[in-house]
Each structure stands twice: as structure tokens, then as C-alpha cells.
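Chemist: Here's a structure for you.
The values are calculated or read from the model by the stated rules, or taken from the named source; none is laboratory data. Only a predicted model underlies this, so the values are computations on that prediction, with no experimental measurement involved. Cβ atoms come from the backbone with ideal geometry, glycine included; neighbour counts cover every protein chain shown. Protein only, heavy atoms only, side chains kept; ligands, DNA and RNA dropped before computing areas. Shrake-Rupley method; radii C 1.70, N 1.55, O 1.52, S 1.80 Å.
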Amino acid sequence: MSEKIFKVNGIELCSESFGDSSNPAILLIMGATCSMVFWDEEFCQRLADTGRYVIRYDNRDVGRSVVYEPGSSNYTVLDMADDAAGLLDAYNIEQADIVGMSLGGMIAQVLAIRHPQKVLTLTLIASSIFESDDNDRNLPPMDERILAFHADGATLDWSDEEAVADYLVSGSSILCGSKHKFDEKRAYKQVRMEIKRANNLLSMFNHALLTGVDDYEGKAKNIVVSTLVIHGTEDSVLPLEHGLALAEEIPNVSLLTLEGTGHEVHPDDWETIIKAISNHTLSGKA
């Protein structure tokens, strides 16, 4: 892996690029608790092969970027959006197409609002809208099976790498939609890389303590760039209604639903997703 460490906003972020740096840039922002390796290398390369310069990176508290003591809260989603803007500056990129997965999609929305001059288009995969505690949208919550599964993580021996790998792979398997076969071999490869690369694996759970988005309730309507919402019909983390809420609130938006897809960027969907991103980012500049 040709990784680079950049000093951004006073902290270190690890990133990797694919393709020709003279091509239009796409910045990939991954979701909670996951490093950039969950943007598969092959997916990134195939996206770059459409004539793009693709950048993936580790958010704070995952991978080789800065980590903090597990159980601590040292930054907000707003800081993470500023990190993305700063990373583009580090690459000397004035504007980019932004693709965010799950929490990464919410970071991308904040980026588009706080730093609109840096964002050409948005693609929001398996993501959601900002909600304050007193909203009345009644969007469906995360599946109870996922919460129950992760509750068991408290009893895991995190010094046992094989046990941790088994746990993380099992966690990924329950996110897979019925249309797809879960690729256990691929999942173990990713998870073992995740464990090997992590400065402190347990720091990833700091993402559960993130704050800073309450003030963004209702602000998605201020996103002016062309936006593509991609959402699986069987997403058990952020059910489809979350994607539909995004599509209703963002003004210049198109929606792509993936039938039988869960909370995942599954290889079976890569061709569809990459084609959609390619077409969307081209049309967004028209």
C-alpha cells in the first residue's frame, strides 16, 4: 500500500491514492469504526479507471490516523468534515467529488455545508439525515440484532487477534443483504488488515461518542451541489427510509436503490455503483 501521512488540522491522517493525479479527484469517506481498507482496493482502482484520481483515508481513531484513548471524546463530526477539507488542501486539490458511506455520508454533508467551495458533487451511500432529539421524522432505528451482537463485544478478549477477527467478520456478515452471498474470505482479508494497521483498534469505538450534528437538523436543504443517494433496500443499520429522507430534503438529488442490498458496498454492486458515480459526477459538472 502506498500510504501517506499528512498533518491536517494539527493531527495526522493516513491516506492512499489511486490513478493519475491530473484527473478529477474523488474523495472517499468511510463510515463509523472502519478504516479506509473497507473501501476495497479493487473498488478504488476500478473507480480510478473511469478517469478519476481516487483518494481514500483513515478517519480519526481508525487505521493509521491519529487515535485517542478508548472511551474518550475529543472531536466532533464538524472536525471530521474539516479534516476532509484539510486533506484536499494537503493534496493541493481545490475541488473534488465527495463519496461518503454511512457516517462518511454525514461527514460529506457537513463538508458540503461548511466548505461548499471544495465540493463538486456528493454521493451518499447507506447514509442518513441529521436529526435532533426532538425531531418528528420517526425514522426506523438500527436492527436490534446488531445492537445485541455488539453488546457481546464487551466480553471479547481483544488481545486475541483471531478471536477479534472472528468477531469483526461475524459483525460484517449480519450487514449483508439477502441478494448477496457474504464473502467470508474477503471479509477476513479486510479485517486482518484492519487489525494489523490499527494504531489502537479499540479507539474505533470512540465514533459512538461523536457529537456536533444537532445544529445541522434541517440544513440538508442548504446543500446546493448535485447529490446522488445510494441505498440498499435491506439496510439494517440505516433502513431505506433514511435514504428516502435524504432524497426528500436535499434539493438537487437523485436516488438509486439497490434491491436486496444491506449496509454494505458489496462486490456484486460495484459495477452499478461505479457507473452511477461516474455518470453522476460528470453530469454534476454540466
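Chemist: Go through Ser73, Ser65 for me and flag whichever is among the polar types (S, T, N, Q), modelled with pLDDT of 95 or more, more than 30 Å from Leu282 (Cβ to Cβ) and open to solvent by 40 Å² or more (accessible area, probe 1.4 Å).
Modeler: Matching residue, one of Ser73, Ser65: Ser73.
Chemist: In addition: Return the residue satisfying two criteria in turn: it lies in the stretch 8-24 and is farther than 15 Å from Val66 by Cα and open to solvent by 10 Å² or more (accessible area, probe 1.4 Å), and of such residues it is farthest from the chain's Cα centre (by Cα).
Modeler: Ser22
Chemist: Of all residues in the stretch 44-62, count the ones that are part of a loop (DSSP other than H, G, I, E, B) and surrounded by fewer than 16 Cβ atoms within 10 Å (Cβ to Cβ).
Modeler: 2
Chemist: Kindly establish whether Gly262 is assigned to a loop (DSSP other than H, G, I, E, B) and either in contact with a strand residue (DSSP E or B) (Cβ under 7 Å, 6 or more places away or on another chain) or polar (S, T, N, Q) (or both). Quick ask: steps written out before the conclusion?
Modeler: Numbers: assigned to a loop (DSSP other than H, G, I, E, B): yes; either in contact with a strand residue (DSSP E or B) (Cβ under 7 Å, 6 or more places away or on another chain) or polar (S, T, N, Q) (or both): yes.
Taking the combined requirement at face value, the residue satisfies it.
Chemist: Related question: Might you check whether a residue that is crowded, with 24+ Cβ neighbours inside 10 Å, touching a residue at least 24 places away in the same chain (Cβ under 8 Å) and of a type in the set (Ser, Thr, Tyr) occurs anywhere in the stretch 34-43?
Modeler: Yes, the conditions are met somewhere in the stretch 34-43.
Chemist: Ok, one more. Are any residues in the stretch 63-99 outside any loop (DSSP other than H, G, I, E, B) and within 14 Å of Ala25 (Cα to Cα), and if so, which ones? Walk me through it before giving the result.
Modeler: Quick first cut of the stretch 63-99, residues outside any loop (DSSP other than H, G, I, E, B) only: 77-90, 96-99.
Passing the criteria: Ala84, Ala85, Leu87, Leu88, Asp89, Ala90, Ala96, Asp97, Ile98, Val99.
Chemist: Something else about it: From (1) surrounded by fewer than 19 Cβ atoms within 10 Å (Cβ to Cβ); (2) within 23 Å of Cys44 (Cα to Cα), pick out the condition that doesn't hold for Val253.
Modeler: Condition not satisfied by Val253: (2).
Chemist: Now for a different question. Just to be sure before I move on: is Gly86 out of contact with any Lys or Arg (no Cβ under 7 Å at 6 or more places or on another chain), among the small types (Gly, Ala, Ser) and touching a residue at least 24 places away in the same chain (Cβ under 8 Å) in the structure I sent? Talk me through it step by step, then tell me what you get.
Modeler: Numbers: out of contact with any Lys or Arg (no Cβ under 7 Å at 6 or more places or on another chain): yes; among the small types (Gly, Ala, Ser): yes; touching a residue at least 24 places away in the same chain (Cβ under 8 Å): yes.
So Gly86 passes the test.
Chemist: Continuing with the same structure: With (1) free of Cβ contacts under 8 Å to residues at least 60 places away in the same chain; (2) within 30 Å of Gly260 (Cα to Cα); (3) open to solvent by less than 70 Å² (accessible area, probe 1.4 Å) as the list, and Leu156 as the residue in question, which single condition is left unmet?
Modeler: With respect to (1) free of Cβ contacts under 8 Å to residues at least 60 places away in the same chain; (2) within 30 Å of Gly260 (Cα to Cα); (3) open to solvent by less than 70 Å² (accessible area, probe 1.4 Å), Leu156 is out only on (2).
Chemist: Right, another one. In the list Arg192, Arg145, Arg186, which residue meets the criterion of being basic (Lys, Arg), open to solvent by less than 90 Å² (accessible area, probe 1.4 Å) and either assigned to a helix (DSSP H, G or I) or free of Cβ contacts under 8 Å to residues at least 12 places away in the same chain (or both)?
Modeler: Arg186
Chemist: Oh, and also: Right, Glu264: buried (at least 16 other Cβ atoms within 10 Å of the Cβ) and either out of contact with any Lys or Arg (no Cβ under 7 Å at 6 or more places or on another chain) or more than 17 Å from Ser102 (Cβ to Cβ) (or both) or not?
Modeler: Yes.
Chemist: Checking Ile174 against (1) within 30 Å of Ala96 (Cα to Cα); (2) open to solvent by 30 Å² or more (accessible area, probe 1.4 Å), only one condition comes out false. Which one?
Modeler: So the condition that Ile174 fails would be (1).
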